[in-house]
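Here's the structure we're looking at; comments come further down.
The values are calculated or read from the model by the stated rules, or taken from the named source; none is laboratory data. None of these values were measured; they are calculated from a predicted model. All Cβ positions, glycine included, derive from the backbone under ideal geometry; neighbour counts span all protein chains shown.
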Amino acid sequence: MYRQYTDATYTSLAPRPAWLGFLGPILRAEVDDVIVVHLKNFATRPYSMHPHGLFYEKHTEGILKETNDTVQGQTKPESVEESVRNDVDQDVFLMFTIVDENLSFYLKDNIQRCSDPDGVDQEDPDFQESNLMHAGMQAFYEVKSCGSEGSPTVAGGVVRNYYLAAEKVLWSYAPSGKDLINNVNLTEADSASEVFFGRDGERIGGRYQKVIYKEYTDNTFTTVKPPESQHLGLLGPVLRAEEGDALSVTFMNKADRNYSIQPHGLHYDKRFQGSSYVDGEEADSCTP
């Protein structure tokens with residue numbers, strides 16, 4: 001597990017909320033800040049970290065290269081300074097996943113903690129199933145108004161209108177029908193791709209009914225707006241905004257079951273959460 005210390009002496013652990021579980025510490029920064037991380041490996045095998053979402057150079061990628069490049073080490077002790085947002089009362093970070101302990105480096109060590117370690121069959125399906133640990137957290141968070149009259153939204157922004165629809169389509173995972181790297185047909189006998197794209201032997205092949213999100217030019221939902229790039233595939237459209245802007249999304253469900261959207265990373269009221277509730281309270285409906 002990753003733990004945060006107060007300084008480069010690595011003698012005092014920094015405080016952490018218990019709900020983080022086995023998640024590592026929260027690294028906070030603002031635009032144009034520089035994050036300096038000193039990593040000390042107390043474990044028994046190589047470990048590192050990778051700075052997702054940041055600008056970094058090759059020597060700070062956190063992986064070993066088969067080149068003559070060396071990884072830059074720490075240069076000076078740095079104290080840990082806590083950064084706190086003034087527009088948020090409390091942050092909660094959740095991870096929903098199934099941890100496969102069968103793949104752990106420490107599986108053999110964990111087996112030794114069993115009541116009968118010699119009787120453990122690592123290939124036994126029941127044993128493997130017992131090691132699939134559901135690490136997600138489930139809870140209700142009741143969020144109430146702080147009574148503040150101030151708004152966290154920066155003044156001077158614009159309203160950005162988006163018109164999204166959920167639509168059922170027959171989606172092809174490989175519309176070209178070819179392995180474009182090796183220039184062979186995806187259904188070529190004995191190829192690695194044939195098991196996924198062949199249609200004999202009660203297999204579906206590479207085309208599936210799916211629901212995707214499309215963007216339209218206006219609230220008539222008659223003209224589909226071309227995607228910014230073909231690489232998006234079945235991902236929905238990219239919604240862009242700047243600090244202080246307001247996003248106004250008009251959503252139409254053209255599919256055959258309930259679908260919605262949830263605005264991650266934005267300030268919004270309960271009626272815009274895009275979800276149904278089991279707490280007995282009805283969410284307000286949104287009129288396009």
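Apart from one condition, ASP121 fits all of (1) modelled with pLDDT of 90 or more; (2) assigned to a loop (DSSP other than H, G, I, E, B); (3) surrounded by 10 or more Cβ atoms within 10 Å (Cβ to Cβ); the exception is (3).
Taking the criterion of being more than 13 Å from LEU266 (Cβ to Cβ) and either out of contact with any Pro (no Cβ under 7 Å at 6 or more places or on another chain) or outside the structural domain of PHE221 (by TED's automatic domain parsing) (or both), the residues of the stretch 240-256 that qualify are PHE251, MET252, ASN253, LYS254, ALA255, ASP256.
Can you tell me which residue among GLU82, GLU78 is closer than 30 Å to HIS264 by Cα, at pLDDT below 85 and not hydrophobic (A, V, I, L, M, F, W, C)?
Just one listed residue meets the conditions, GLU82.
Checked against (1) modelled with pLDDT under 90; (2) under 25 Å from the mean Cα position of the chain (by Cα); (3) in the same structural domain as ALA165 (by TED's automatic domain parsing), GLY201 meets all criteria but (2).
The residues in the stretch 102-116 that are loosely packed, with under 12 Cβ neighbours inside 10 Å and either within 15 Å of THR44 (Cβ to Cβ) or among the small types (Gly, Ala, Ser) (or both) can be counted, and the count is 5.
When residues of the stretch 124-142 are filtered for being under 25 Å from the mean Cα position of the chain (by Cα), modelled with pLDDT of 65 or more and surrounded by fewer than 10 Cβ atoms within 10 Å (Cβ to Cβ), how many remain? Total meeting the criteria: 2.
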